[in-house]
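Each remark here refers to the structure printed beneath this line.
No value in this document is a laboratory result; all are computed from the given coordinates. Please read all numbers here as calculations on a predicted model, not as lab measurements. No Cβ is skipped: glycine too gets one built from the backbone with ideal geometry, and neighbour counts run over all protein chains shown.
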Amino acid sequence: MKRVLTVVVVLLVAAAFVAGYWPQRERLLQAQAEAIEAKRQLSEARADLARAEARARLDRLFGQLLALQDAVASGNYGEAQALSSPFFDQVREAGAGADATSRTALDAILMRRDTVTAGLARGEGSVREVLVPIERELRRALGYPVPALVPAPPAPAERLP
């Protein structure tokens, strides 16, 4: 009788242990699965944020380029020079953290830096033609539509009095 009572007590203690242990274990496994899913979502969100930040940098560069083009079009070469240096500096900085496609476009833009800087220093209107491929490269990198190249209209013939 004593032995049966001991076995019953041991079985009851074991049943109580399993009854308390099993739900806790299930909660732990569920919490671990949720933590893994949260880490995956966080990783995706970080990647999305990095892409959005890179896109925003390219968008700011595009805006700076348009301001530079406006200054050149209005013949304000002093302002254009002031806009040119920060623009190309930021192109170089953006290229350091860009993806391969954007980096290719930004490298192509940087190759035109000396031409633009020299043209602005001399006050040459031909700088506009150098800025067009830069705009096209930025448009391509941003996924914007790239309009077809339209040849420049011929200069009007001067009339002699």
Inset, instruction - For n ≥ 4 DSSP H runs only, could you compute -39500 (n - 2.57) per run for the chain, divide by its residues and tell me the 222 nm figure to the nearest 500? - result: -28500 deg cm²/dmol
Legend entry - Segment PHE17-VAL132, length gained on full extension (0.36 nm per residue, minus Cα span): 33.7 nm
Inset, instruction - For the chain, with a Gaussian network of springs between Cα atoms less than 10 Å apart, report the residue from LEU29, LEU61, LEU120 with the top mean-square fluctuation. - result: LEU29
Legend entry - Label corresponding to Rg and Dmax of the Cα atoms in Å when calculated from the structure given, among (1) 33.1, 135; (2) 17.2, 62; (3) 19.3, 62: (1)
Legend entry - TYR144 long-range amide H proximity, modeled H, under 5 Å: none
Legend entry - Rel. contact order, % - alpha carbon contacts under 8 angstrom, at least six apart, the chain: 19 percent
Legend entry - Förster radius 45 Å - calculated FRET efficiency between GLU79 and LEU28, Cβ distance, rounded to 0.05: 0.10
